[in-house]
Each structure stands twice: as C-alpha cells, then as structure tokens.
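Enquirer: I have a structure I would like to understand better, so I am pasting it below and will then ask my questions one at a time.
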Amino acid sequence: MAEATRYITCVLCEANCGLEVTVDGPMIRSIKGHQDDPLSRGHICPKAIALQDLHTDPDRLRTPIRRLGEPGAEATWEPIGWDEAFDLVAERIVGIQQEHCRDAVGIYLGNPNIHSLGALTHGLGLVRTIKSRNTFSATSVDQLPHQLVAMLLYGHQFLLPVPDIDRTDLLVLIGTNPMASNGSLMTVPDFPGRLRELRSRGGKLIVIDPRRTETAAVADTHHFIRPGTDAHFLLAIIRTLLAENFSRPAAYVDGIGAVRDAVEPFTPERAAAASGIPAEAIVDLARQIAIAPSAAVHARMGASTQAYGTVAQWAAQAINILTGNIDRPGGAMLTSPAIDIVGKGLVGKGHLGAWRSRVRGLPEFSGELPVSALAEEITTPGPGQIRALVCIAGNPVSSTPAGGRLGDALAGLDFMVIRARSQECFPPQSREVKS
Ligand code: SF4
C-alpha cells in the first residue's frame, strides 16, 4: 500500500499542535510537527510521538465493553456493539431518572472535553439532555475563578483575555508553568521558541511561583511567593499603581474610585509580610508593568485553586485594565476563535448560585457544582441522591480532592458509564459500560 501524508491536530493537550503523519495503510510511519500550522509552527512534544504507541496499544479499547458479574466479584468485561451500548446506557439513564428524579444521574466532564472537537460540538447537547443539577467537571478544580471574574468584569464567562505573547514586551506569569504545559487558557505551543523571540525583541519574563518550575528556571526574574498569598501581592501592585499615578485605563473603564478604596489597606509592606516577597520588589514590579511599552499579567491555576483565587484573578485583570493593557496589542487580549461561542451565543454568559448542592449548600456556577461535593452527593441518602454517573474523558478519582473517598462512593452507584482509559475510575462494585 502506498504511503500517504495526513495532517491532523494533536488532541492530547490544549496546545492542539498541528501534526504531519505519514501512514502506510493502518501503519504509522512517522509523526512530525506541521511546519505550516499557524499556531504551533511545527512544534511537537514527546507525547505526540507516543501517539503511535497509543494507536497500536493492544490494550486500547476499540469497542464498548460491559462489566459482568455480581457487585463485589472480580471484574470481567465483555465486548459489546455500539448499538447495544447506546441502548443500554440510554435505558439505564432514563430508567433511573424516571424511578428517582433527573438529579439522580450525575455527570462528570474531564479536562480533555476542552480539546476534543467531538466533545465540544456534542458534549453540551448531552449534558442539556440529561438535565441534571448534579453536573460536575474539572472546571471547579481549575479555571472556575477565571470564568467567574470574566462574567462579573466583562459580561461573559468566556471573555477570557490571554497574553499576546508574540508581541508583548513584558510577560508576568503567576502560578503557571507553560515551559512544561505549553499553556492553558493561554494556548502557546512552542512556548520556549516564543520566549526566545520575546527576548530577542528586548522583552522580559517575570515569574511569580512558590516552586522553581521549568518556567521559573528560564525567567529573567523569579519571585518565590508563599502559597495562597497571590491576592495580597496583586492587590499591593494595584495600590502602588494608583498611589504613584500610573493608572491609565481605557476611556470605557469605570469604578476606579471603588478599586482605590478597596485596595487601600493592602500596602506593599503588608503584602510583603504575607507573601514573603520584599515590599521594594512589589513596588518595582508595579513600576515595570506601568512603564513597559506593553505588558501582560497572566495568573493561572496556581493562583486560582486557593482560598482567595477569585480575588487573585480579579486583581490580575485589574492590573491589565489599569495599565491600559487590556485588549491591546502586546497586552492581555481577547481571542478571535474559529467558532465564536460568545458572539454567537452558543454558551450562556454564566450565572452563580441559581441552585445549591443538596448536602453542603455549595453554589452552582454556570450549571455545575464544585466537584469536591460529588462524593457526598452519591453517599448521602435522600431525594436528589446521585444513583448513576456519566463520566466523560475524566478520571476524578485521581484528579479531584479526596479521590479515595470518591472511589469508594462510586462503588455504591447503581450504574456508571465512562469514556476513559484508567482503571481507577472503575470501582469494584458498580456496573458500568466503558468505551
Ligand atoms: S504540546 Fe505535545 S501533547 Fe500538547 S498538543 Fe502539542 S504535541 Fe500534542
């Protein structure tokens, strides 16, 4: 069979690199970065090379399988057809919702839903069809504060500004490690190459992180920060900008007086005591951001998954706004996606507290509850208790708080269907279909 070249997008992470794959029938001959891909520009990482191993992995599931045997017995699995699998899953979901209530079927969506075209185009439809208030995802252990702040500041949860890394003069990264991840929200395939370009045009990278990460190791300046104190640190930068008259927001910005009042107690000295970063360094960073021709402050997951994560995300946005760096070249810009889910109204602007979790009364955000409540919603008896779970591209036993407890809870479900690879999501006592 003749060799052929296929151009695909790597779906292993959010960077979505373009790949050039040479195939010979079912065999993969080579995997390279696609030089003409406008975003990844030929970049490829070792994970993409390993796609070949996934393709030929004898353990790879090629058909749905159903668990056999009594709860508690050792698991055995039988392959079944797609039609049978769809019928079984639909029958069980509908049956459990009819017997109990809609909320008796829980949903968990893992991170890969965000970099899968199929999940992006069809996943939301499935969630809307099941229509359960017991919907959870990786969002609540990741970027939920970003979405909440975007909704409150800009009017839509997905108006998420990201650094214009290819044009900025000063990049300030907080709690993020794109040298390892190639970005998240800020999608930057080939971050090392883009950093070299930033430097070659005279730009600088400043990193704030409690760890000496791969990104911190290549930064011009790295400030170690005490974990959980990013909000203190960022509020002190805002205070300095205002106190030293560096504020130059766009004409449409209002509410500066309220911000001035709110940040007044957060002096650099107070932030230094909390964060461990010297007051002089805080003031110096505020000045650098203010006088740079362009600058972008980007606070990511490390600044989100903490007690004051929402304040930290608001403060990072406020710095970009106050210094005139919001939505301008070289600053933090809104994206122009191929499918404009905001402009076309495909996803709602967001809402908070429309309902609360049954057991602890935690507020929903945009239709989902914090995943830290998932285990208790399964194990606590009463109306609305979760009896079945639909898990799509996620492994919450490994990736969410108190995973062991969640694993035990999953074992008590009447039914679970999962599209994932890890055995950790398959507790020994529940009946599932997986594919
Ligand atoms: S960074 Fe690696 S894993 Fe992520 S999309 Fe690019 S090639 Fe794939």
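Enquirer: Could you sort LYS47, LYS131 by accessible area so the largest value comes first, with the probe set to 1.4 Å?
Expert: In descending accessible area the options line up as LYS131, LYS47.
Enquirer: How much accessible area per residue does the stretch 161-333 have, counting only protein heavy atoms and a probe of 1.4 Å, in square angstrom?
Expert: So the stretch 161-333 comes to 39 Å² accessible per residue, rounded to a whole number.
Enquirer: Give the residue from ALA393, ASN111, ILE282 lying farthest towards the positive end of the charge dipole for the chain; charges sit on Cβ (+1 for Lys and Arg, -1 for Asp and Glu) and the dipole is referred to the Cα centre.
Expert: ILE282
Enquirer: Quick one: order GLU368, GLU91, GLU74 from most to least accessible surface, probe 1.4 Å.
Expert: The ordering from most to least exposed comes out as GLU74, GLU91, GLU368.
Enquirer: So for the pair GLU84, ASN245, with labels modelled 7 Å out along Cα→Cβ, what separation do we get in nm?
Expert: Modelled inter-label distance: 7.9 nm.
Enquirer: Another question, if that's okay. Once you put a point 7 Å from the Cα of GLU214 and another 7 Å from the Cα of ARG328, both along the Cβ direction, what distance in nm separates them?
Expert: For GLU214 paired with ARG328, the spin-label model returns 3.4 nm.
Enquirer: For the stretch 161-333, report the convex hull volume of the alpha-carbon atoms normalised per residue, in Å³, without decimals.
Expert: Cα-based convex hull of the stretch 161-333, divided per residue, equals 99 Å³.
Enquirer: How long is the gain from PHE224 to ASP57 if the chain were fully straight, where each residue apart is worth 0.36 nm and the alpha carbon distance is subtracted? Mind showing how you got there, number by number?
Expert: On the way: separation 167, 0.36 × 167 = 60.12 nm, distance 4.20 nm.
Full-extension gain reported as 55.9 nm.
Enquirer: For ASP414, what accessible area in Å² do you get when you roll a 1.4 Å probe over the heavy atoms of the protein chains, rounding to the nearest 10?
Expert: About 70 Å², ignoring ligands and nucleic acids.
Enquirer: Residues of the stretch 1-138: accessible area per residue at 1.4 Å, in Å²?
Expert: Roughly 60 Å² per residue, with all protein chains present.
Enquirer: When N counts the residues of the stretch 3-56, how does its alpha-carbon radius of gyration compare numerically with 2.2 N^0.38 Å, as a ratio?
Expert: Details: Rg = 10.5 Å, N = 54, 2.2 N^0.38 = 10.0 Å.
Here the answer is 1.05, to two decimals.
Enquirer: Further, regarding this structure: Hey, any idea what % of the stretch 3-56's accessible area is carbon plus sulfur with a 1.4 Å probe?
Expert: With neighbouring chains kept in place, the figure for the stretch 3-56 is 57 percent.
Enquirer: How many nm separate the modelled label positions at LYS349 and ARG6, each set 7 Å beyond the Cα in the direction of the Cβ?
Expert: Label-label distance for LYS349 and ARG6, simple model: 4.3 nm.
Enquirer: To continue, here is another question. Going by alpha carbons, how many degrees (0 to 90, nearest 10) lie between the helix axis of 82-99 and the longest principal axis of the chain?
Expert: The answer is roughly 80 degrees.
Enquirer: Provide, as a two-decimal number, the C-alpha radius of gyration of the chain over 2.2 N^0.38 Å, N being how many residues it has.
Expert: Its radius of gyration relative to the 2.2 N^0.38 Å reference: 1.07.
The values are calculated or read from the model by the stated rules, or taken from the named source; none is laboratory data. Bear in mind that the values here come from a model prediction, so they are computed numbers and not experimental data. Because the Cβ atoms are built from the backbone with ideal geometry, glycine has one as well, and the counts that use them run over all protein chains shown. Accessible surface areas use protein heavy atoms only, side chains included; no ligands, DNA or RNA. Shrake-Rupley method; radii C 1.70, N 1.55, O 1.52, S 1.80 Å.
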